Amino acid sequence: MGDPEQHPGDIDLEAFREHGHELVDWIADYLANAERYPVLSQLKPGEVKGELPDSPPEHGESLEAIFRDVESTIVPGLTHWNHPNFLAYFAITGSAPGILGELLSAAFNVNGMLWATSPALTELEETVVDWLRQMMALPEGWFGMIQDTASVSTLCALAAAREAISDLDVREQGLSGAPPLTLYASDQAHSSIAKAGIALGLGHGNVRSVPSDDAFRMDADDLNRLIRADRADGKWPFAVAATVGTTSTTSVDPVPEIAEVCERHGLWLHVDAAYAGPAAVLPERRDVLDGCDRADSLVVNPHKWLFTPIDCSVLYTSRPDVLRRAFSLVPEYLKTEHGDEATNLMDYGVALGRRFRGLKLWYVLRAFGVEGIRARLREHLRLGERLVAWIEADPDFELMAPAPFSTVCFRAHPDDWTDDEAELDALNERLLARVNATGEAYLSHTKLHGRYVLRASIGHLRTTEPHLARVWALVKRELSTLLSE
Ligand SMILES: *Cc1c(COP(=O)(O)O)cnc(C)c1O
């Protein structure tokens, strides 16, 4: 028998306790003062790796030593999504309650593959996704589950759509010998739709891009025409992905008209509301999900505009039986006695193991409450309107797309300057690089109808109107410097 004192177990829990307290203090200071860091990491490729040892330590190190390197090596290599002037991509917040939920989930370290492997994981997940369903006024009875990302939620939804095709036994037979299956999304849809098509073996060429209109919304008549033409051509249209809040401009596809087309042709309707879905928590913005009650599946990301630390994406479906049929495969060692009274979440997706993600969402929803979440979403929308007003009032700038939420597309276009589009593209590209190089703010860009456009997205809980005003002043200042050069 070995000496129990010599048993090589975990580190000393008193050291954990002591360092853990310090770490939480550090995190609170970090969140309060994220502004002291450059938003965009100023490092060059390879600089972080250059600071790290090539091989692992032979002997254990203290938590303090590890954390010193976090401060000296890791933090400088971060782009600070917690900085209030982070306006790139979709700004997000891992709120304090969400961080605590995440910490607890690491501590419990349960794997919710089956109901029995942690009943609380499955049942809390079922409960919080149903709370969120109610908050967004989605139909009663819809099934929901948490996935890591919208990309994976969409992949699973479209796998279900493929499974739903009657007459084709894709699950058993695969796609060989089947007619080409076609999937439809607008030219503004997120790349995850096409990626899902690629991963599902449809072929990228069978992911059809439907033209969008002047306001960047899918044209339902064009959709209908494309489906008919593909049918006539021997293809097999099976699903449409509509977007509520596209990634470039946050435009909202006309879901009621698209649902009509889907119903006419018997196609699965998937709605990508990864970013903008939470807007429906506001009674006055509930219309953004108009028609979505007719969808077969819908994805929304609490890790985007619902203050939950990444990763947390919720996939809803009105047809869980089909989703289950697409994925359920139970080997002997995973059989349990609970039958139909308990949900085994492994049956509804690719992954077997699953983290306790419901815990952080539960912390967020409880700590803020529905009213608290509404107040925060309204403030972001108000800030978005402020920015739009500043842009519209300024002769040197122009708005490049409607801004239905708190993400704004604009560009510099000085009155007395050229109207040459290529030169305007170059000017705006240089402007963005200059703004981001200051480290004071971080914006991103997109292309709309071929034109280079700047994007500012407001979604962090610590972004206030003075922050936004400072970013706006910075953009204007950098433009004047650029023009005077
Ligand atoms: C961000 C985004 C996605 C991808 O989200 P992930 O969770 O990173 O996979 C998909 N669709 C839309 C509309 C998005 O804005």
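The values are calculated or read from the model by the stated rules, or taken from the named source; none is laboratory data. Worth saying up front: this structure is predicted, and the values here are computed from it rather than measured. Cβ: placed from backbone, ideal geometry, glycine included. Neighbour counts: every protein chain shown.
If we keep just the residues of region 242-293 that are over 20 Å from ALA215 (Cα atoms) and touching an Asp or Glu at 6+ places or on another chain (Cβ under 7 Å), which is farthest from the ligand (Cβ to nearest atom)?
Looking at residues that are over 20 Å from ALA215 (Cα atoms) and touching an Asp or Glu at 6+ places or on another chain (Cβ under 7 Å), I get TRP268.
Here are some conditions: (1) in contact with a Ser or Thr (Cβ under 8 Å, 6 or more places away or on another chain); (2) within 16 Å of the ligand (Cβ to nearest atom); (3) in contact (Cβ under 8 Å) with a residue 60 or more places away in the chain. ALA239 meets all but one. Which one does it not meet?
The one condition ALA239 does not meet is (1).
Read through the list (1) away from the ligand (no atom under 16 Å from the Cβ); (2) surrounded by fewer than 22 Cβ atoms within 10 Å (Cβ to Cβ), then give the number of the only condition that GLY112 fails.
With respect to (1) away from the ligand (no atom under 16 Å from the Cβ); (2) surrounded by fewer than 22 Cβ atoms within 10 Å (Cβ to Cβ), GLY112 is out only on (2).
Quick one: in region 82-92, which of the residues that are within 16 Å of the ligand (Cβ to nearest atom) and touching a helix residue (DSSP H, G or I) at 6+ places or on another chain (Cβ under 9 Å) is farthest from TYR442 (Cα to Cα)? Working first, answer last.
To start, the set of residues in region 82-92 that are within 16 Å of the ligand (Cβ to nearest atom) comprises 86-92.
Among the residues that remain, those that are also touching a helix residue (DSSP H, G or I) at 6+ places or on another chain (Cβ under 9 Å) are: 86-88, 90-92.
Details: PHE86: 5, LEU87: 6, ALA88: 6, PHE90: 11, ALA91: 10, ILE92: 13 Å.
Taking the candidates together, the pick is ILE92.
If you scan region 204-222, which residues turn out to be part of a loop (DSSP other than H, G, I, E, B) and at negative phi? Full working, then the answer.
Residues of region 204-222 that are part of a loop (DSSP other than H, G, I, E, B), as a first pass: 211, 213-217, 219.
Across region 204-222, the qualifying residues are PRO211, ASP213, ASP214, ALA215, ARG217, ASP219.
Scan region 272-297 and report the pairs whose first residue is closer than 15 Å to VAL129 by Cβ and whose second residue is within 14 Å of the ligand (Cβ to nearest atom) and of a type in the set (Phe, Trp, Tyr), with Cβ atoms within less than 7 Å and a gap of 6+ or a chain change.
Hits for this filter: PRO278/TRP305.
Every residue in region 376-396 that is in contact (Cβ under 8 Å) with a residue 24 or more places away in the chain and closer than 18 Å to GLU478 by Cβ, please.
Quick first cut of region 376-396, residues in contact (Cβ under 8 Å) with a residue 24 or more places away in the chain only: 376-378, 380-381, 383-384, 386-387, 390, 394, 396.
Residues satisfying the conditions are LEU387, TRP390, ASP394, ASP396.
May I ask you to list the residues in region 354-377 that are out of contact with any strand residue (DSSP E or B) (no Cβ under 9 Å at 6 or more places or on another chain), surrounded by 16 or more Cβ atoms within 10 Å (Cβ to Cβ) and assigned to a helix (DSSP H, G or I)?
Here is the first cut: in region 354-377, the residues out of contact with any strand residue (DSSP E or B) (no Cβ under 9 Å at 6 or more places or on another chain) are 356, 359-360, 362-377.
Filter once more, keeping what is surrounded by 16 or more Cβ atoms within 10 Å (Cβ to Cβ): 356, 359-360, 362-365, 367-368, 373-374, 376-377.
Passing the criteria: LEU359, LYS360, TRP362, TYR363, VAL364, LEU365, ALA367, PHE368, ILE373, ARG374, ARG376, LEU377.
Looking at (1) more than 24 Å from the chain's Cα centre (by Cα); (2) within 13 Å of the ligand (Cβ to nearest atom), find the lone condition where ALA185 falls short.
(1)
I'd like to know if region 293-301 contains one or more residues that are under 29 Å from PHE410 (Cβ atoms) and of a type in the set (S, T, N, Q). Can you show your working first?
Of all residues in region 293-301, those under 29 Å from PHE410 (Cβ atoms) come to 299-301.
So of that shortlist, the ones also of a type in the set (S, T, N, Q) come out as 301.
Yes, region 293-301 contains at least one residue that is under 29 Å from PHE410 (Cβ atoms) and of a type in the set (S, T, N, Q).
Evaluate region 316-328: report whether one residue or more is in contact with a Ser or Thr (Cβ under 8 Å, 6 or more places away or on another chain), closer than 30 Å to ALA91 by Cα and within 16 Å of the ligand (Cβ to nearest atom).
Looking for residues that are in contact with a Ser or Thr (Cβ under 8 Å, 6 or more places away or on another chain), closer than 30 Å to ALA91 by Cα and within 16 Å of the ligand (Cβ to nearest atom), one finds at least one in region 316-328, hence yes.
Determine, yes or no, whether ARG225 is within 24 Å of the chain's Cα centre (by Cα), more than 14 Å from the ligand (Cβ to nearest atom) and not in a loop (DSSP other than H, G, I, E, B).
Values: within 24 Å of the chain's Cα centre (by Cα): no; more than 14 Å from the ligand (Cβ to nearest atom): yes; not in a loop (DSSP other than H, G, I, E, B): yes.
No.
Which one of these does PRO53 not meet: (1) touching a residue at least 40 places away in the same chain (Cβ under 8 Å); (2) outside the structural domain of THR308 (by TED's automatic domain parsing)?
(1)
Condition check ((1) of a type in the set (Phe, Trp, Tyr); (2) surrounded by fewer than 23 Cβ atoms within 10 Å (Cβ to Cβ); (3) within 16 Å of the ligand (Cβ to nearest atom)) across all residues:
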| site | (1), (2), (3) |
| --- | --- |
| LEU124 | no, yes, no |
| ALA160 | no, no, no |
| GLY174 | no, yes, no |
| ILE198 | no, yes, yes |
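Can you tell me which residue within region 299-327, out of those that are among the hydrophobic types (A, V, I, L, M, F, W, C) and under 20 Å from ARG366 (Cβ atoms), is surrounded by the fewest Cβ atoms within 10 Å (Cβ to Cβ)?
Step one: filter region 299-327 for residues among the hydrophobic types (A, V, I, L, M, F, W, C), giving 299-300, 305-307, 310, 312, 314-315, 322-323, 326-327.
Now restrict to residues that are under 20 Å from ARG366 (Cβ atoms): 300, 305-307, 310, 312, 314.
Values: VAL300: 32, TRP305: 30, LEU306: 27, PHE307: 29, ILE310: 16, CYS312: 27, VAL314: 30.
Residue satisfying both the conditions and the ranking: ILE310.
So which of PHE86, PHE90 ends up being surrounded by 15 or more Cβ atoms within 10 Å (Cβ to Cβ) and under 30 Å from PHE143 (Cβ atoms)? Full working, then the answer.
Numbers: PHE86 fails: under 30 Å from PHE143 (Cβ atoms).
Result of the check over PHE86, PHE90: PHE90.
Could you list, in sequence order, the residues of region 303-315 that are farther than 30 Å from ASN224 by Cα and more than 10 Å from the ligand (Cβ to nearest atom)?
Correct list: LEU306, PHE307, THR308, PRO309.
Would you confirm whether or not region 180-194 contains a residue that is charged (D, E, K, R), under 17 Å from CYS262 (Cβ atoms) and surrounded by fewer than 20 Cβ atoms within 10 Å (Cβ to Cβ)?
Pass one, region 180-194, residues charged (D, E, K, R): 187.
Checking the rest, the ones that are also under 17 Å from CYS262 (Cβ atoms) come to none.
No, region 180-194 contains no residue that is charged (D, E, K, R), under 17 Å from CYS262 (Cβ atoms) and surrounded by fewer than 20 Cβ atoms within 10 Å (Cβ to Cβ).
Name the residues in region 240-298 that are crowded, with 18+ Cβ neighbours inside 10 Å, part of a loop (DSSP other than H, G, I, E, B) and of a type in the set (Gly, Ala, Ser), would you?
Correct list: GLY245, SER248, SER251, ALA273, ALA274, ALA276, GLY291, ALA295.
Among the numbered conditions (1) among the basic types (Lys, Arg); (2) modelled with pLDDT under 95; (3) within 16 Å of the ligand (Cβ to nearest atom), tell me where ARG355 comes up short.
Just one mismatch for ARG355, condition (2).
Being away from the ligand (no atom under 16 Å from the Cβ), assigned to a loop (DSSP other than H, G, I, E, B), touching a residue at least 12 places away in the same chain (Cβ under 8 Å) and out of contact with any Leu (no Cβ under 9 Å at 6 or more places or on another chain) is the filter here, so list the residues in region 126-158 that pass it.
First, pick out the residues of region 126-158 that are away from the ligand (no atom under 16 Å from the Cβ): 126-128, 130-131, 133-135, 137-143.
Next, from what is left, pick out any that are assigned to a loop (DSSP other than H, G, I, E, B): 137-142.
Checking which are touching a residue at least 12 places away in the same chain (Cβ under 8 Å) leaves us with 137-139, 141-142.
Answer for region 126-158, where residues must be away from the ligand (no atom under 16 Å from the Cβ), assigned to a loop (DSSP other than H, G, I, E, B), touching a residue at least 12 places away in the same chain (Cβ under 8 Å) and out of contact with any Leu (no Cβ under 9 Å at 6 or more places or on another chain): PRO139, GLY141.
Being of a type in the set (Val, Ile, Thr), within 24 Å of the chain's Cα centre (by Cα) and assigned to a helix (DSSP H, G or I) narrows it down to one of ILE92, ILE99, so name that one. Let's see the steps before the verdict.
On the way: ILE92 fails: assigned to a helix (DSSP H, G or I).
Only one candidate qualifies: ILE99.
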